[in-house]
Protein chains: 2
Amino acid sequence: MTEGKEHNEDDHVVFIGSKPFMNYVTGVVMQFTTQGADEVVIKGRGKFITRCVDVAEVVGKRFLDGQVALKDVKLDSEEFENKEGKRIRVSTIEITLKKK
Amino acid sequence: MTEGKEHNEDDHVVFIGSKPFMNYVTGVVMQFTTQGADEVVIKGRGKFITRCVDVAEVVGKRFLDGQVALKDVKLDSEEFENKEGKRIRVSTIEITLKKK
C-alpha cells in the first residue's frame with residue numbers, strides 16, 4: 001500500500017465472515033456515513049457468499065435505501081491444496097456498492 | 001409465454017435448489033451443448049446463492065472453460081410474510097453465462 005495516497009482501493013473493503021450479521025451491516029453503513037466512502041466493496045468466499053448478498057441487500061434496501069446502489073458484482077474462484085494434497089476450489093464474490 | 005417464438009428468455013433458466021450439485025452443473029452444461037443456448041441464467045435465493053455461484057464457476061472454469069463467460073450478475077431481494085405475519089426478506093441472485 002502506498003502511504004500518502006488519500007484513497008486507495010483497500011480503504012473501504014468489508015470482509016464477511018462468521019461474526020453476527022449486523023456487525024457487517026453496521027460496518028458497511030459506517031463506511032458510507034462516517035468514513036466518507038464513495039464505494040464499499042463487500043468480499044467473501046465459500047459459504048459466506050450468501051451472507052455477502054444479504055449484507056449488500058440490507059444496506060442498500062433498508063439502511064441506506066435510495067442513497068447507495070449496486071455498482072458491480074464479481075465472481076471468481078480460488079484453488080488450493082488441502083492437507084491431503086487434494087485440490088479444492090472455493091468460489092469468491094466481490095460486491096461493490098456506490099453512493100448515489 | 002408466446003408460442004412459436006423460437007427463443008424467449010425463459011428457455012434457458014436453471015433454478016438452483018437442494019438436489020445433488022452435479023445435477024445443476026450438468027443441467028447448465030447441457031443447455032449450452034445440446035439445447036443450443038447462447039445464454040443460460042442460473043437463479044436461486046436464500047441459502048442457495050452460494051451454490052449458484054459454485055455452479056457458475058464450475059461450469060465456466062472447468063466444464064466449459066474458454067467457451068462460456070460470465071455476462072451479468074443481478075442481486076435482489078423478495079419480501080413476504082411468514083405464517084406469524086412477520087415480514088421476511090430473502091436475497092436472490094441471477095447469474096447469466098454467455099457463450100463466447
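We did not get these values from a lab; they are worked out from the coordinates using the rules stated. Computed from a prediction, not measured in an experiment: that's the story for all the values here. Heads up, the Cβs are rebuilt from the backbone with ideal geometry, glycines too, and the neighbour counts pull from every protein chain shown.
Observations, loosely collected:
- Folded to 0 to 90 degrees: helix B:21-33 orientation relative to chain B principal axis, Cα: 50
- Per-copy distances of the B:Val13 label point, shortest first, in nm (7 angstrom along Cα→Cβ): 3.5
- Helix B:49-58 and the long axis of chain B differ in direction by around 10°, with both axes built from C-alpha atoms.
- When the charge dipole of chain B is built from unit charges on Cβ atoms (+1 for Lys and Arg, -1 for Asp and Glu) and taken about the Cα centre, the candidate among B:Gly17, B:Gly36, B:Leu97 whose Cα reaches farthest toward its positive end is B:Gly17.
- Cα-based Lys pair tally, the stretch A:22-92, threshold under 30 Å, eight or more apart or on separate chains: 14
- For chain A, a Gaussian network of Cα nodes joined below 10 Å ranks A:Gly46, A:Gly85, A:Gly17 by mean-square fluctuation, and the top entry is A:Gly85.
- Overall form of the stretch A:4-99 per C-alpha gyration tensor (a/c, 1.5; a/b vs b/c): prolate
- Each other copy places its own label point for A:Phe63 at 3.7 nm from this one, sorted shortest first, where the point lies 7 Å along the Cα-to-beta carbon line.
- Highest mobility in the GNM of chain A, judged by mean-square fluctuation with C-alpha springs under 10 Å and restricted to A:Glu39, A:Glu81, A:Glu57, is found for A:Glu81.
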